[in-house]
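Peer 1: Sharing a structure with you now.
The values are calculated or read from the model by the stated rules, or taken from the named source; none is laboratory data. Just so you know, these numbers come straight off a predicted model, no measurement behind them. Cβ coordinates were reconstructed from backbone atoms using ideal geometry, including for glycine residues, and neighbour counts include every protein chain displayed. The protein model used for the area step is the full one, side chains on, heavy atoms only, and it has no ligands, DNA or RNA in it. Shrake-Rupley method; radii C 1.70, N 1.55, O 1.52, S 1.80 Å.
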Amino acid sequence: MYPDRVLSGMRPTGKLHLGHYHGVLKNWVKLQSEYECFFMVADWHALTTNYDDVSGIEKNTWDMVIDWLASGVDPSQATIFIQSKVPEHAELHLALSMITPLSWLERIPTYKDQIEKLSQKDLGTYGFLGYPLLMASDILLYRGNLVPVGEDQIPHVEITREIARRFNHVFGKEPGFEEKAEAAVKKIGGKKGKLYQELRTRYQQEGDVEALEAAKALLGDSQNISYGDRERLFGYLEGGGKMILPESQPLLTEASRMPGLDGNKMSKSYNNTISLREDAEVVTKKIRQMPTDPARVRRNDPGDPEKCPVWQLHQVYSDESVKEWVIAGCKSAGIGCLDCKQPVIEGVLAEQKPMFERAQPYLEDPTLVKSIVADGCERAHEVAKETMRDVKEAMGLSYS
Ligand code: TRP
Ligand code: SF4
């Protein structure tokens, strides 16, 4: 019904690191040539947890967008924009809040986790509880059905789907939809019609997903109903009529876990990162100082790559022949750890070279970045306005 469209976002955390590149940005770059893509700076989201210190938002936004561009996100293919510059995000958030049960928000696993983890902050706020709903608004505003996110964000995409479904159910009915659907049930005929009703009730009252699947299968092999009636009966199962907001789904990247300098996942909070545009000397120094297999105290002590964080980086940056050289040289103490690190250093520097080149014009002339984002905001706004028009019409707010 709507074309495939990708929406994703990142909170403005400032300069990005290679973990962001391998985990997210590389995938965005691939997606931008396959789909219509919207990539958003989630600055409202930053405020849900950092409302007590807003000083960094602006700089972090521009630093982050430059890193997107440096990674190869291409403004002639994808729309890059800022959430707070498109006021419809806030408007849709309010609209959807009318039909979002509190319990759906409270049961999101990250909600209680984060409150505990960030216990030095008061996150008992309305805004923080609404974090997933704001994210749902981001997605639904562009009728984005494909959402590339990491594993931790999947519950948010799931709740987005439930909210869309509920919205369509509450506001999307065609006139006389229920009567038409009931009439269609009669047309399927006695036993099957009855079974359809039973399964529908089970799904709607108990959320029994197997019942839903069984009912769909039953419709699939009913021959004696028209195409329109079949569509109605599919819609009737899940409650809805007309689909105003499409149901989104997460697009999982093939798990690329980028190891950090200490072997843990690369993350700012572990202080083990290499930033995307880290100075070559610093990169070299950081890698040369990486811990290795503790058994290799002296140059002559043999080691085991499996116990070494450098080996994990070889998985990202080295080809088979280098990896064989590492295994043999490490186990026989034939190579030193600094020798072993050299190809990793070169791999990182080679990866960063085009990033520096792409970033250069934007660093020299920051107005280029601003105009890319201004264009993106305008394009995003056009789409957002259309969705909001339909949403308000369905909610009885389109009078003048
Ligand atoms: N919550 C996401 C994160 O922390 C960022 C985000 C905001 C987002 N809105 C979004 C991601 C919409 C995907 C789609 O990573
Ligand atoms: Fe690690 Fe390489 Fe040293 Fe072996 S030789 S311990 S793999 S850095």
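Peer 1: Could you tell me the relative contact order of region 279-364? Use alpha-carbon pairs under 8 Å, at least six residues apart, and round to a whole percent.
Peer 2: Contact order relative to length: 31 percent.
Peer 1: Return the carbon/sulfur percentage of the accessible area of region 177-237, one whole number, probe 1.4 Å, all protein chains in place.
Peer 2: 51 percent
Peer 1: Bin width 5 Å, alpha-carbon pairs only: give the P(r) of region 279-364 as whole percents, running from 0 to the bin holding the largest distance.
Peer 2: 3, 15, 24, 21, 15, 9, 5, 4, 3, 1
Peer 1: Averaging the inverse of every distinct alpha carbon separation and then flipping it gives the Kirkwood radius. What is it for region 177-237, in angstrom units?
Peer 2: 11.2 Å
Peer 1: Measuring with a 1.4 Å probe in the full set of protein chains, what accessible area per residue, in whole Å², belongs to region 177-237?
Peer 2: Result: 59 Å² per residue.
Peer 1: Among the aspartates and glutamates, which fall within straight-line cross-link reach of Lys85, defined as a Cα-Cα distance under 14 Å, with same-chain neighbours fewer than 8 residues apart omitted?
Peer 2: Of all the aspartates and glutamates, those that pass the test against Lys85 - Cα under 14 Å, at least 8 places apart if same chain - are Asp43, Glu58, Asp138, Asp375, Glu378, Glu382.
Peer 1: Of the chymotrypsin sites (Phe, Trp or Tyr not before Pro) in region 321-400, which ones lie in a loop per DSSP and count no more than 14 other C-beta atoms within 10 Å?
Peer 2: Loop-located and lightly packed - Tyr399.
Peer 1: Relative contact order for the chain: what is it in percent, counting Cα pairs under 8 Å that are at least 6 residues apart?
Peer 2: Dividing the mean separation by the residue count of the chain yields 22 percent.
Peer 1: Indicate the gyration tensor shape class of region 1-150 (rounded, prolate or oblate), computed on the Cα atoms with a ≥ b ≥ c the square roots of the eigenvalues: a/c under 1.5 is rounded; otherwise a/b larger than b/c is prolate and the rest oblate.
Peer 2: It comes out oblate by the Cα gyration axes.
Peer 1: Could you please state how large a percent of the accessible area of region 279-364 is carbon and sulfur, counting protein chains only and using a 1.4 Å probe?
Peer 2: Percent of accessible area from carbon and sulfur atoms in region 279-364: 54.
Peer 1: At 0.36 nm per residue, and after removing the present C-alpha to C-alpha distance, how many nm does the segment from Lys186 to Asp390 gain when stretched out fully?
Peer 2: Length gained between Lys186 and Asp390: 70.2 nm.
Peer 1: On a full-extension model of 0.36 nm per residue, what is the gain between Val170 and Glu151, subtracting their alpha-carbon distance, rounded to one decimal in nm?
Peer 2: Contour length minus Cα-Cα distance gives 3.8 nm.
Peer 1: Based on alpha-carbon centroids, what's the gap between region 1-52 and region 309-357 in Å, whole number please?
Peer 2: 30 Å
Peer 1: Another question, then. Expressed as a whole percentage, what fraction of the accessible surface of region 63-136 belongs to carbon and sulfur atoms when a 1.4 Å probe is rolled over the protein heavy atoms?
Peer 2: On region 63-136, the fraction of accessible area on carbon and sulfur atoms equals 57 percent.
Peer 1: Mind giving me the FRET efficiency for Glu320 and Asp113? R0 is 25 Å, r the Cβ-Cβ distance, nearest 0.05 is fine.
Peer 2: Working from the Cβ atoms, E equals 0.05.
Peer 1: Rolling a 1.4 angstrom probe over the protein heavy atoms, how many square angstrom per residue are accessible across region 279-364?
Peer 2: With all protein chains present, region 279-364 gives 57 Å² per residue.
Peer 1: For a test of the definition: using alpha carbon positions, the gyration tensor, and the 1.5 limit on a/c, classify region 331-400 as rounded, prolate or oblate.
Peer 2: Taking the square roots of the gyration eigenvalues as a ≥ b ≥ c, region 331-400 is oblate.
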